[in-house]
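The values are calculated or read from the model by the stated rules, or taken from the named source; none is laboratory data. Computed from a prediction, not measured in an experiment: that's the story for all the values here. Because the Cβ atoms are built from the backbone with ideal geometry, glycine has one as well, and the counts that use them run over all protein chains shown.
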């Protein structure tokens with residue numbers, strides 16, 4: 001076969017090569033879709049539970065409502081600012097009372113959570129069948145209101161709070177997102193020195209805390225289940 005014949009055969013074969021080389025999903029039917037949303041604002045509702053500490057004095061259960069603003073940084077990374085509020089249950093201590101009446105309650109305490117967070121989308125900058133799982137973490141403050149019935153000296157006022165989260169977003173439309181998120185939040189409780197002294201009204205009874213075995217501070221953990229509905233902006 002001459003060189004001219006080989007060249008003609010090669011030219012005839014070229015149109016079929018791209019078709020043979022195509023692999024993967026047809027773009028029109030692919031389960032992956034790019035995310036064009038750059039920022040969004042969300043209404044959040046959550047329920048916090050967990051430990052109130054050794055004496056159950058820390059806020060430990062109740063509903064939270066709030067707002068979150070989220071914006072894309074680069075690639076699959078988002079930054080967020082959020083604030084939420086709730087009236088959480090806790091117990092009240094009277095370190096001067098007899099041992100059988102030192103802890104009473106529960107009572108309600110207002111708590112505000114102000115947090116900044118980072119989130120990484122596990123599907124990159126795309127959704128899979130309109131879903132985008134993610135994980136991340138937050139840093140912030142838990143700010144407690146006053147409890148008039150507590151004169152023990154124990155304070156839950158302003159606490160550093162942090163923890164991880166994992167969740168999944170549903171892109172219901174170009175603008176509307178729905179998500180569910182599991183969080184784990186940590187903060188530290190501190191106990192006043194009078195908790196280690198014998199009760200003034202019952203000096204023969206043991207104190208609230210044992211000086212030999214108990215610490216004057218402890219970290220408590222709080223699982224949070226959160227739901228959110230967001231409206232997105234393409235900026």
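Could you tell me which residue of region 129-154 is surrounded by the most Cβ atoms within 10 Å (Cβ to Cβ), considering only residues that are more than 21 Å from the chain's Cα centre (by Cα) and over 24 Å from residue 58 (Cβ atoms)?
Only one residue fits best here, namely 130.
When you scan region 189-205, do you find a residue that is in a strand (DSSP E or B) and either free of Cβ contacts under 8 Å to residues at least 60 places away in the same chain or buried (at least 17 other Cβ atoms within 10 Å of the Cβ) (or both), even just one?
Yes, that holds for at least one residue.
Let's see how each residue does on (1) assigned to a strand (DSSP E or B); (2) surrounded by 14 or more Cβ atoms within 10 Å (Cβ to Cβ); (3) touching a strand residue (DSSP E or B) at 6+ places or on another chain (Cβ under 7 Å); (4) at pLDDT below 95:
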position: 127; (1), (2), (3), (4): yes, yes, yes, yes
position: 156; (1), (2), (3), (4): no, yes, yes, no
position: 166; (1), (2), (3), (4): yes, yes, yes, no
position: 183; (1), (2), (3), (4): yes, yes, yes, no
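Of 198, 202, 172, 132, which residue is farther than 19 Å from residue 49 by Cα and touching a helix residue (DSSP H, G or I) at 6+ places or on another chain (Cβ under 8 Å)?
Working: 198 fails: touching a helix residue (DSSP H, G or I) at 6+ places or on another chain (Cβ under 8 Å); 172 fails: touching a helix residue (DSSP H, G or I) at 6+ places or on another chain (Cβ under 8 Å); 132 fails: touching a helix residue (DSSP H, G or I) at 6+ places or on another chain (Cβ under 8 Å).
That would be 202, the only listed residue that is farther than 19 Å from residue 49 by Cα and touching a helix residue (DSSP H, G or I) at 6+ places or on another chain (Cβ under 8 Å).
Return the only residue of 108, 90 being crowded, with 16+ Cβ neighbours inside 10 Å and either touching a residue at least 12 places away in the same chain (Cβ under 8 Å) or within 28 Å of residue 208 (Cβ to Cβ) (or both).
Details: 108 fails: crowded, with 16+ Cβ neighbours inside 10 Å.
One residue alone meets the criteria, 90.
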